[in-house]
1. Just to check your reading of the model, which residue among GLY224, GLY219, GLY205, GLY240 is in a helix (DSSP H, G or I) and at pLDDT 90 or above?
2. Which residues, taken from region 15-36, are buried (at least 22 other Cβ atoms within 10 Å of the Cβ), of a type outside the set (Val, Ile, Thr) and under 21 Å from SER305 (Cα atoms)?
3. Quick test for you: out of ALA250, ALA313, pick the one residue that is within 19 Å of ALA67 (Cα to Cα) and in contact with a helix residue (DSSP H, G or I) (Cβ under 6 Å, 6 or more places away or on another chain).
4. Can you go through SER301, SER282, SER233 and tell me which one is farther than 20 Å from GLY407 by Cβ and polar (S, T, N, Q)?
5. Given the condition touching an Asp or Glu at 6+ places or on another chain (Cβ under 8 Å) and either farther than 30 Å from LEU165 by Cβ or assigned by TED's automatic domain parsing to the domain that holds ASN376 (or both), answer yes or no: does some residue in region 314-327 qualify?
6. Does region 333-351 include one or more residues that are among the hydroxyl-bearing types (Ser, Thr, Tyr) and surrounded by fewer than 21 Cβ atoms within 10 Å (Cβ to Cβ)?
Amino acid sequence: MAGTRAVERQAGKMDWSAGAAASIAMFLICMDTLITNVALPTIEAELGGGMVAQQWIVDGYTLPFAALLLLAGNLSDRFGANRVFALGTAAFGLSSLFCAVSSSAAMLVAGRVLLGVSAAFILPSSMAVINEAYRDERQRRRALAFWGIGGSAASAAGPLMGGILAPIHWSLVFSVNIPFCAAIVLMYRKLPRCRQVAKPFDLLGQVLSIAGLACLVDGIIEAGAAGLGDPRSLGMLVAGALLLVGFFAAQRRVANPMMPLALLEPRGMRMALMGGFGMIFSWNGCVFIVTLFLQQELGLSPLASGLAFVPSALTGAFGNILSDRMAASVGAKRAIVIGTVFLSLGYAVLLAFAGGMSAALASIAVCLAGIGGGTNTPVFTGLVLKSVPLEQSGIASAIFNTMRQVGGAIGIACFGALAGGLASFSLGFQVAFALALVMMAGIFAMASTLER
């Protein structure tokens with residue numbers, strides 16, 4: 001009898017290996033979006049290239065990351081999420097080494113593109129690995145909460161670690177990834193054996209989606225720098241829109257679409273997609289413009305401005321942990337409403353005190369938004385995974401994270417354009433957070449349509 005109880009207790013224990021590997025990888029790929037920014041001046045001083053090179057050192061990561069997520073999700077389902085995850089992580093480590101030893105700006109940009117490609121293959125496969133490893137819903141919610149902590153913590157850790165490492169040498173902001181990637185690869189045998197769904201490639205859909213997203217994101221980023229009237233920006237935006245229209249048209253006609261439109265039919269899936277877009281649009285824009293405010297308006301150093309974001313990493317982690325219990329007790333609908341209330345409070349403080357805000361008040365406001373973002377991310381992810389069959393979790397994860405990444409790129413471009421394009425930085429700051437509150441109102445409206 002005692003032996004039976006021991007077996008039952010052992011069965012109830014949760015093996016954290018897969019969740020830990022996915023969470024660490026999530027932290028790395030999110031951190032790499034932000035850690036490079038504070039190192040750009042020292043990179044330019046050593047490698048040269050001017051402002052154009054600095055822009056592409058950042059965009060070289062963002063563009064392939066967003067554009068390849070759908071393809072990565074398709075391959076994750078086809079070849080097994082565990083294999084794609086391990087190969088993507090190994091490639092991320094090797095690409096980080098390539099960046100660290102770069103001897104020219106062009107070489108570094110090429111390395112950043114490789115990092116973005118690798119990150120795109122890690123993100124959807126990490127979600128699918130969690131989905132496969134934790135069949136029990138309670139364990140899955142816990143794993144997704146810690147997976148979300150990785151992304152939330154990276155928002156603060158990226159600027160902070162960049163501020164610490166860049167003064168020693170800029171290459172350290174890339175080489176810091178290598179030991180973590182090696183540890184994840186060594187954990188490969190601990191990952192679940194994920195099912196493989198044999199299906200033909202949708203070559204037309206993949207080409208249209210990659211080209212459309214690349215043009216759209218590039219056009220938005222360029223518009224943020226050169227203005228909406230810039231011919232190149234307009235051309236890229238129009239080309240991106242037309243290619244994406246062609247993509248959706250093709251998905252209705254091809255026999256084996258890479259993004260089955262039936263996946264978008266469940267109400268929970270639509271809520272997660274639009275909510276994830278709006279939340280990351282406002283959050284990435286917030287981190288970007290508050291960093292500018294701290295350095296340009298208050299005169300803080302890169303390290304000091306990075307320290308201002310550290311508390312938000314803790315509150316974001318608290319929100320992730322709170323999300324698990326909240327979703328279980330009150331349901332996804334109320335959990336999203338509560339998380340969005342915290343996001344709205346943070347943005348409202350930033351809007352109200354834009355004219356005379358201290359670094360401490362800015363940090364408190366970002367902390368409030370961090371709680372909300374940390375709460376909502378696992379709930380949105382859970383809605384995605386509940387809305388689709390298990391064998392389509394990879395492509396569903398890719399669709400969700402594509403919306404998040406595109407939302408983040410658009411948010412940074414929009415907030416940056418407002419900060420630099422209006423009569424004053426303060427006015428642009430206020431308009432940006434008014435826009436963020438409009439996004440939050442949209443999430444409230446969509447959440448009201450959920451049953452629970």
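The values are calculated or read from the model by the stated rules, or taken from the named source; none is laboratory data. Keep in mind that what you see is a predicted model, and the values were worked out from it rather than measured. Cβ: placed from backbone, ideal geometry, glycine included. Neighbour counts: every protein chain shown.
1. Working: GLY224 fails: at pLDDT 90 or above; GLY219 fails: at pLDDT 90 or above; GLY205 fails: at pLDDT 90 or above.
Being in a helix (DSSP H, G or I) and at pLDDT 90 or above holds for just one of GLY224, GLY219, GLY205, GLY240, which is GLY240.
2. LEU28, MET31, ASP32, LEU34
3. Details: ALA313 fails: within 19 Å of ALA67 (Cα to Cα).
Checking each option against the conditions leaves just ALA250.
4. Values: SER282 fails: farther than 20 Å from GLY407 by Cβ; SER233 fails: farther than 20 Å from GLY407 by Cβ.
Residue meeting the stated conditions: SER301.
5. First pass over region 314-327, keeping only residues touching an Asp or Glu at 6+ places or on another chain (Cβ under 8 Å): none.
There is no residue in region 314-327 that is touching an Asp or Glu at 6+ places or on another chain (Cβ under 8 Å) and either farther than 30 Å from LEU165 by Cβ or assigned by TED's automatic domain parsing to the domain that holds ASN376 (or both).
6. No.
Residue-wise test of (1) surrounded by 23 or more Cβ atoms within 10 Å (Cβ to Cβ); (2) modelled with pLDDT under 85; (3) of a type outside the set (Asp, Glu); (4) not assigned by TED's automatic domain parsing to the domain that holds ASN82.
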site	(1), (2), (3), (4)
GLY370	yes, no, yes, no
ASN376	yes, no, yes, no
VAL379	yes, no, yes, no
SER387	no, yes, yes, no
LEU390	no, yes, yes, no
GLY421	no, yes, yes, no
GLN430	no, no, yes, no
GLY442	no, no, yes, no
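For every residue, the table says whether it meets (1) under 16 Å from the mean Cα position of the chain (by Cα); (2) β-branched (Val, Ile, Thr); (3) surrounded by fewer than 19 Cβ atoms within 10 Å (Cβ to Cβ).
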residue	(1), (2), (3)
VAL58	yes, yes, yes
GLY73	yes, no, no
SER76	no, no, no
ARG83	no, no, yes
ALA86	no, no, no
CYS99	no, no, no
SER103	no, no, yes
